[in-house]
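Structure record follows, encoded as structure tokens.
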Amino acid sequence: MEIILPGDVSYIINKLEEAGYEAYAVGGCVRDTILGRKPLDWDITTSAKPSSVKSCFKRTVDTGIKHGTVTVIIGDTGYEVTTYRIDGEYKDGRHPENVEYTGSLRLDLARRDFTVNAMAYNKKQGLIDEFGGLKDLEAGIIRCVGSPGSRFDEDALRMLRAVRFSGQLGFRIEENTRAAITERAQNLRKISAERIRAELSKLLVSKNPGMIREAYGTGMTKVFLPELDKMMVTDQHNHHHLYTVGEHSILSTEIMGCFLREDFCIKKDNSFFIPVEVMEQAKRLKKGIDKKHQLMLCLVMLLHDIAKPETMVIDENGTGHFYGHPQKGEEMAGKVLKRLSFDNNTISVVKRLIKYHDYRIVPSKRAVRRAVSKIGKDIMEMLFLVQYADILAQNPETFDEKLKSLGSVIVKYREIIEEDAPLCIKDLDINGNDLIKAGIKPGPEIGKILERLLDIVLEEPGKNKKDILSVYIEEITKAR
């Protein structure tokens with residue numbers, strides 16, 4: 001098998017070989033290239049010790065010298081070059097106590113997590129595949145190198161990485177590997193929230209975020225997201241829903257992924273689909289949404305109904321109701337995201353979207369203006385995507401009217417934006433300084449008057465003119 005290596009990678013490998021050492025591209029970059037995917041970065045493994053690597057290149061950085069890693073700088077790009085090594089004992093289930101250098105590529109590959117990540121390549125020797133990685137790539141399997149139990153005992157995070165790779169690559173987890181995860185799921189308690197957050201984030205924005213079902217099925221979510229376990233066993237007892245709270249939330253996350261990828265396919269039992277008109281709306285709504293906001297949207301879908309198990313009541317007809325679940329969900333989701341060490345901005349945006357995810361807007365310009373003023377223009381298009389995904393993960397028999405109403409609201413919203421209608425206090429054609437000049441003393445009264453003026457122009461945008469608002473100011477102050 002021939003792999004076309006980037007020029008810089010070939011240069012580094014050739015330079016090390018000219019100095020008498022072995023060197024190969026290794027790991028995920030080899031895997032992704034074979035799959036026809038563009039690697040995010042290129043790692044190189046070599047028989048040369050760090051000091052020898054540094055002597056071969058003009059610009060290097062000791063990024064992981066303790067573990068044998070030197071970053072070689074070519075132009076503006078850094079390439080990690082790591083010496084063949086054998087990991088020492090893992091006493092804490094997170095890090096090896098020490099590493100030992102070795103002259104054997106095979107021993108270096110043997111310490112890696114999964115077979116698909118344990119392949120190396122250079123032009124002279126071709127593909128080095130000691131553990132059946134190519135066969136597993138062709139079969140679509142995530143399998144540990146050697147003993148699954150040993151690999152997971154070394155680093156418990158590898159269990160969640162197995163699920164994450166399954167989501168990213170669309171692969172299934174091999175039976176013995178999955179069984180070892182189930183036996184050791186509780187060992188994730190040894191792993192920091194930051195490392196779990198990173199893997200969960202990559203899974204949720206992957207092509208198959210629904211693989212989080214495997215994290216649930218193997219017992220891992222019980223450790224880092226026990227709220228999901230409760231959601232998975234909570235039936236909704238409501239004709240608007242076919243699934244448990246958890247299944248609904250995961251399906252809505254999958255649908256959000258389809259929106260973000262512009263992919264009509266939903267991997268369920270072929271009874272679900274995204275109507276063409278909804279996908280067209282989603283394409284327009286997602287413009288300008290960056291990767292960070294894409295993750296926020298996926299987190300919202302996973303957690304938007306997190307409070308339903310806590311708020312559910314069954315009426316005399318056996319129907320389930322979830323009064324106040326958006327507000328309670330905002331609070332609960334905030335605690336979960338903080339526990340998983342998400343940044344404050346992510347937490348803030350996700351909480352706001354969850355708070356308003358069930359907020360139904362009447363499709364009139366007046367109602368839409370008031371809704372935008374209340375919710376915030378900055379998240380409205382994200383909220384529309386959330387509401388679309390939420391609806392499509394419910395009972396198909398209840399879709400049509402909800403989708404039609406939401407589509408009408410979005411049309412009104414776009415008209416309002418095109419008209420540049422005033423939606424918040426800063427949009428008023430008058431400000432606090434104008435009120436002070438009009439003789440109103442600085443203080444809380446200024447804010448109250450501005451809110452009253454905003455209320456007026458939300459009703460009638462044409463009144464957002466300084467001379468008209470000045471008349472209202474006089475009336476308001478006289479009435480007070």
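The values are calculated or read from the model by the stated rules, or taken from the named source; none is laboratory data. Predicted model, so just to flag it, every value in this text is computed and none were measured. All Cβ positions, even for glycine, are placed from backbone atoms using ideal geometry, and neighbour counts span all protein chains on display. Please note that ligands, DNA and RNA were not included when accessible areas were found on the heavy atoms of the full protein model with its side chains. Shrake-Rupley method; radii C 1.70, N 1.55, O 1.52, S 1.80 Å.
Odds and ends about this structure:
- Karplus-derived 3J(HN,Hα) values for segment 299-311, using 6.51 cos²θ - 1.76 cosθ + 1.60 with θ = phi - 60°, are 5, 4, 5, 5, 10, 5, 10, 4, 8, 4, x, 7, 10 Hz; glycine and proline are entered as x.
- Cα shape, segment 15-153, gyration tensor, a/c 1.5 rule: oblate
- Projecting the Cα atoms of S249, T177, F264 onto the charge dipole of the chain (Cβ charges, centred on the Cα centre) puts S249 farthest toward the positive pole.
- Cα gyration tensor shape for segment 270-345, rounded if a/c is under 1.5, else prolate or oblate: oblate
- For the chain, the relative contact order works out to 8 percent when only alpha carbon pairs closer than 8 Å and six or more residues apart are counted.
- Lys, Arg +1 and Asp, Glu -1 on Cβ, resulting dipole of segment 162-246 about Cα centre, debye, nearest 20: 280 debye
- Label point distance in nm, S104-I86, each placed 7 Å from Cα along Cα→Cβ: 0.6 nm
- Cross-link partners of K328 among aspartates and glutamates (Cα-Cα below 17 Å; sequence separation of 8 or more within a chain): E227, D305, E310, D358
- In terms of accessible area, using a 1.4 Å probe and ignoring ligands and nucleic acids, R284, R369 rank largest first as R284, R369.
- Over the chain, dividing the summed -39,500 (n - 2.57) contributions of all DSSP H runs of at least 4 residues by the number of residues returns a 222 nm mean residue ellipticity of -15500 deg cm²/dmol.
- Modelled FRET efficiency - R0 45 Å, T182 with E17, Cβ distances, 0.05 increments: 0.55
- A Cβ-based charge dipole, computed about the Cα centre of segment 285-430 with Lys and Arg at +1 and Asp and Glu at -1, lands at about 420 debye.
- Theoretical FRET efficiency, 1/(1+(r/R0)^6), r = Cβ-Cβ of M279 and I65, R0 45 Å, to 0.05: 0.35
- Rounded to the nearest 20 debye, the dipole size of the chain about its Cα centre is 880 debye, using +1 on the Cβ of Lys and Arg and -1 on the Cβ of Asp and Glu.
- Computed from Cα atoms, the angle from the helix 399-418 axis to the main principal axis of the chain rounds to 80 degrees.
- Estimated inter-spin distance, N433 and K135, nm [label 7 Å along Cα→Cβ]: 7.6 nm
- Remark: for residue pairs K441/K465; K38/K335; K351/K437; K292/K335; K222/K308; K207/K292, the C-alpha separation exceeds 27 Å in K38/K335; K351/K437.
- Those aspartates and glutamates that a straight Cα-Cα span of less than 15 Å connects to K448, excepting residues fewer than 8 apart in one chain: D434, E474, E475
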